[in-house]
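Visitor: Have a look at this one before I ask anything.
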Amino acid sequence: MTPEQEVAWERWLSQLPGCIQAVARLYPPGTRFRLHGKIVYAISYTEYDNDRAGIGVSEINPAVDYQGAINSIVPFCDCCMDQLAELKDGE
């Protein structure tokens, strides 16, 4: 990220609930995961009633087709949310 992007990122994060801040810092937008045999990219974040964060993902790389990635967001499956570190793809 450029210095300007880092400032904007931190400003945006500071307005979000703590559970989302924690997940977004570990897995920022564009983070690749191997999920059920597919490569998916972190696109968005959600807070659930129980102060737990979820991640919205897309099979479309946002660096290649941002709008396509936004239009195809699906929730990271609940069965895998506790395995984020293991599912992160190092490329």
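Visitor: Out of LEU13, VAL64, CYS79, whose Cα points farthest toward the positive end of the dipole of region 3-87 (charges: +1 Lys, Arg; -1 Asp, Glu; placed on Cβ)?
Guide: The Cα lying farthest towards the positive end belongs to VAL64.
Visitor: As an exercise, identify the chymotrypsin sites (Phe, Trp or Tyr not before Pro) in region 1-73 lying in DSSP coil whose Cβ has no more than 14 other Cβ atoms within 10 Å.
Guide: Answer in residue order: TYR48.
Visitor: When only Cα pairs under 8 Å and 6 or more residues apart are kept, what is the percent relative contact order across the chain?
Guide: Averaging sequence separation for qualifying contacts and normalising by length gives 23 percent for the chain.
Visitor: Taking Cα atoms of region 3-87, Rg/Rh with Kirkwood Rh, to two decimals?
Guide: Expressed as Rg/Rh, it is 0.96.
FYI, it's all coordinate maths here, none of it is from the lab. Owing to the predicted nature of the structure, the values given are computational and were not obtained by experimental measurement. Every residue, glycine as well, gets a Cβ built from its backbone with ideal geometry; the counts of neighbours run over all protein chains shown.
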